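Report on the following structure.
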Amino acid sequence: MSTIQQNLQAVRSRIDAATQRCHRASEDVTLLAVSKTKPIADLEEAISAGQRAFGENYVQEGVDKVKYFSKRSGSESLEWHFIGPLQSNKSRLVAENFHWIHTVDRARIALRLNDQRPEELAPLNVLIQINISDEESKSGITLAGLDELAAQIAALPRLCLRGLMAIPAPEADAARQLAVFQQMNQAFVTLKSQYPCVDTLSMGMTDDMDAAIAAGSTMVRIGTAIFGARDYVPTNSGALHNTQANNTLER
Ligand SMILES: *Cc1c(COP(=O)(O)O)cnc(C)c1O
C-alpha cells in the first residue's frame with residue numbers, strides 16, 4: 001500500500017474516532033482531500049484509494065487537474081472544490097470547471113459566478129467564507145454581514161447556497177479553539193433554519209480537525225495529513241506532472 005493510501009486510511013480513522021467521541025455518525029463528515037501543489041500522480045493514488053472530493057486553491061492549477069481527469073473514465077464521480085481566494089478576473093474559470101466554491105465573501109463575485117455558470121451544468125455549490133478569528137486576513141466576511149450576503153446568494157438561480165466555511169487562526173488553547181468553531185456552528189445552525197438547502201459547514205484542517213468535528217463540522221479539508229508537507233506554489237501546469245519537485249523545500 002502506498003503512503004498516500006495509508007495516510008488516507010489514517011485520516012478516515014481519525015474522523016471515525018472524532019465523530020464517535022461526540023456521538024455523531026462518521027458519514028456526517030465529508031473528507032475533502034486538499035491537493036494544492038501536489039502532482040497528478042498523488043491525486044491518482046488517492047483516487048485509487050477511493051477518495052472522490054478534492055480541494056484546490058489556485059485557479060489555473062485546479063483547472064488543469066479538472067481537465068486532466070475529465071478525459072479519464074470514472075471522472076464523473078469526482079468532485080472538485082475551489083477553496084482559495086478568488087480574484088474576479090478568474091471567476092469564469094471557477095464557474096466553468098468546479099462543482100463547489102468555499103470562499104465567496106462578496107456579492108460582486110457571487111453575481112459574476114452566477115452569470116458565468118454554464119447552463120448545462122448544475123448550479124454551482126457555494127459556501128460563504130467567514131472571517132471568524134483572523135482579523136489580519138482580508139478573506140471572509142464578519143458574522144455581522146452574513147444575513148445580507150446569504151440573501152443575495154440565495155436569490156441567484158445558478159448558485160446553490162450550501163453553507164459556511166472558515167479558516168480560524170491557530171489557537172494554543174484547546175478550549176479557546178473549540179469556542180471559535182462552536183461560534184461558527186451556531187451561525188451555521190441559524191442559516192440552516194433559514195435556508196433548507198444549507199447542509200455544509202466546512203471547517204477543520206490537519207492540525208485542528210478533531211476540534212472542528214467536535215463543534216459540528218460536516219466537511220474537513222485535509223492536505224498535509226494525506227499528501228505530506230507542501231513545498232511551493234507551482235507556476236505552470238508542467239509542475240503537476242513532476243513528482244520529484246515536491247520533496248525538497250518546505251513551504
Ligand atoms: C491548504 C488548505 C487546507 C489544508 O491544510 P492542511 O493543514 O495541509 O491540512 C485546508 N483549507 C484551506 C483553505 C487551505 O488553503
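Of note:
- Residue check for K90: open to solvent by less than 20 Å² (accessible area, probe 1.4 Å), basic (K, R) and either part of a helix (DSSP H, G or I) or over 25 Å from I222 (Cα atoms) (or both): no
- Given (1) under 24 Å from E148 (Cβ atoms); (2) assigned to a helix (DSSP H, G or I); (3) within 16 Å of the ligand (Cβ to nearest atom), number of the condition A110 does not satisfy: (3)
- Scanning the range 36-62 for residues that are in a loop (DSSP other than H, G, I, E, B) and hydroxyl-bearing (S, T, Y) returns T37, Y58.
- Filter result for M165 (assigned to a helix (DSSP H, G or I), at pLDDT 95 or above and within 16 Å of the ligand (Cβ to nearest atom)): no
- Complete set of residues in the range 1-55 that are in contact (Cβ under 8 Å) with a residue 24 or more places away in the chain, on the phi < 0 side of the Ramachandran plot and among the hydroxyl-bearing types (S, T, Y): S2, T3, T19, T30, S35, S48
- Residue within the range 42-60 that is of a type in the set (D, E), open to solvent by less than 40 Å² (accessible area, probe 1.4 Å) and more than 30 Å from Q152 (Cα to Cα) present: yes
- Flag for T30 being within 14 Å of the ligand (Cβ to nearest atom) and over 23 Å from L201 (Cβ atoms): no
- Those residues of the range 174-228 which are open to solvent by 40 Å² or more (accessible area, probe 1.4 Å), assigned to a loop (DSSP other than H, G, I, E, B) and within 14 Å of the ligand (Cβ to nearest atom), in sequence order: M205, D207
- Residue match in the range 22-32 (condition: closer than 12 Å to W80 by Cβ and not small (G, A, S)): yes
- Close Cβ contacts (under 6 Å, 6 or more residues apart or on different chains) running from residues in the range 212-229 that are farther than 20 Å from E56 by Cβ to residues that are small (G, A, S) and away from the ligand (no atom under 11 Å from the Cβ) comprise I213/A18.
The values are calculated or read from the model by the stated rules, or taken from the named source; none is laboratory data. Because the structure is a prediction, the values reported are computed rather than measured. Backbone-built Cβ (ideal geometry, glycine too); neighbour counts: all protein chains shown. Protein only, heavy atoms only, side chains kept; ligands, DNA and RNA dropped before computing areas. Shrake-Rupley method; radii C 1.70, N 1.55, O 1.52, S 1.80 Å.
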